[in-house]
Amino acid sequence: MIKQTPGKIFLADQRGLTETSRFRRYSTFNFGSYAHEHKAAFGRLQAVNEETLGGGQHLAFRADQATHLLLIPVTGELLVSVPAQQDVVVEVENMHLLTVPAGTTISLRNPYATELVTFLHLWVQPDAPVTIIGSQQYAFSLASAGGQLTAATAPLSAAPLPFSVYLGRFAGRQEIMYDLSPEASFFAYVLAGAFEAEGRLLHEKDSLALWETETVELEALSNNALLLVLELKA
């Protein structure tokens, strides 16, 4: 009998929707006013949101607990503001990481007057106390990835984190073997196209959480399929 890796699929059309005249948010896990008994956090990964923000609009989030906040633009640029820090512009193929203490307010703004911007914001629980705000910019290089998952390139001054982030663009039928660190868990989010991951079929905006495994086998099922992966330490 073939052993199946323990895991859970989070389907795109079952995400929570929060929508106003300013923004539209799809939440993979419970977040804000969206709550569902089967959408609890996955280990230290507390929230995964796809946000579309109207022209000139902004959002303010208050971190109820210390957190690592990953901001990944999908289309357009994003302006990020936190107390006592210079505003930062985040572009596509970049990831901005904020590490903030509990009670911090984070402001996210669409710098365009009329165009929409879409971005991901993922909230990850730190493994150490946070007393000051940290801010780091990371870069992806999809052009040089060569059909592989490429790690977000960390600044030289960046401290070790309890997670790693990867992004990859693949042609149809390309296969990838991803090896995890001991006791780590795996989370994938399909940005575009379709994949098969450990025998599970994933379509655009679907997510997959896996645990108790050392290796994950992935296959792209469409051209220009785009995948975001987080490896989460125990």
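The values are calculated or read from the model by the stated rules, or taken from the named source; none is laboratory data. All values reported here derive from a predicted model rather than from experimental measurement. All Cβ positions, glycine included, derive from the backbone under ideal geometry; neighbour counts span all protein chains shown.
Summary table below
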item	result
Residue match in the stretch 123-142 (condition: among the charged types (D, E, K, R), closer than 13 Å to Thr52 by Cα and either out of contact with any Cys (no Cβ under 7 Å at 6 or more places or on another chain) or surrounded by fewer than 18 Cβ atoms within 10 Å (Cβ to Cβ) (or both))	no
Index of the failed condition, Glu93 passing every other in (1) at positive phi; (2) of a type outside the set (Gly, Ala, Ser); (3) at pLDDT 95 or above	(3)
Spans of strands (runs of 3 or more DSSP E) in the stretch 1-70 with at least 2 residues touching an Asp or Glu at 6+ places or on another chain (Cβ under 7 Å) and aromatic (Phe, Trp, Tyr)	23-27
Count of residues meeting criterion [under 16 Å from the mean Cα position of the chain (by Cα) and not aliphatic (A, V, I, L, M)] in the stretch 204-226	4
Wholly within the stretch 77-119, strands (runs of 3 or more DSSP E) carrying at least 1 residues that are in contact with an Asp or Glu (Cβ under 9 Å, 6 or more places away or on another chain) and under 20 Å from Leu228 (Cα atoms)	78-81, 88-90
Spans of strands (runs of 3 or more DSSP E) in the stretch 138-234 with at least 1 residues under 24 Å from Asn94 (Cβ atoms) and in contact with a helix residue (DSSP H, G or I) (Cβ under 6 Å, 6 or more places away or on another chain)	163-170
Leu78 vs. criteria under 21 Å from Ala128 (Cβ atoms), at pLDDT 95 or above and among the aliphatic types (A, V, I, L, M)	no
Count of residues meeting criterion [in contact (Cβ under 8 Å) with a residue 60 or more places away in the chain and within 13 Å of Val90 (Cα to Cα)] in the stretch 105-122	5
Pair list, Cβ < 6 Å and 6+ apart or interchain, from the stretch 19-43 residues that are among the polar types (S, T, N, Q) to residues that are buried (at least 17 other Cβ atoms within 10 Å of the Cβ) and not in a strand (DSSP E or B)	Ser27/Arg15; Thr28/Arg15; Asn30/Lys39
Test for Val74: is it among the β-branched types (Val, Ile, Thr), within 24 Å of Ala151 (Cβ to Cβ), outside any loop (DSSP other than H, G, I, E, B) and touching an Asp or Glu at 6+ places or on another chain (Cβ under 7 Å)	no
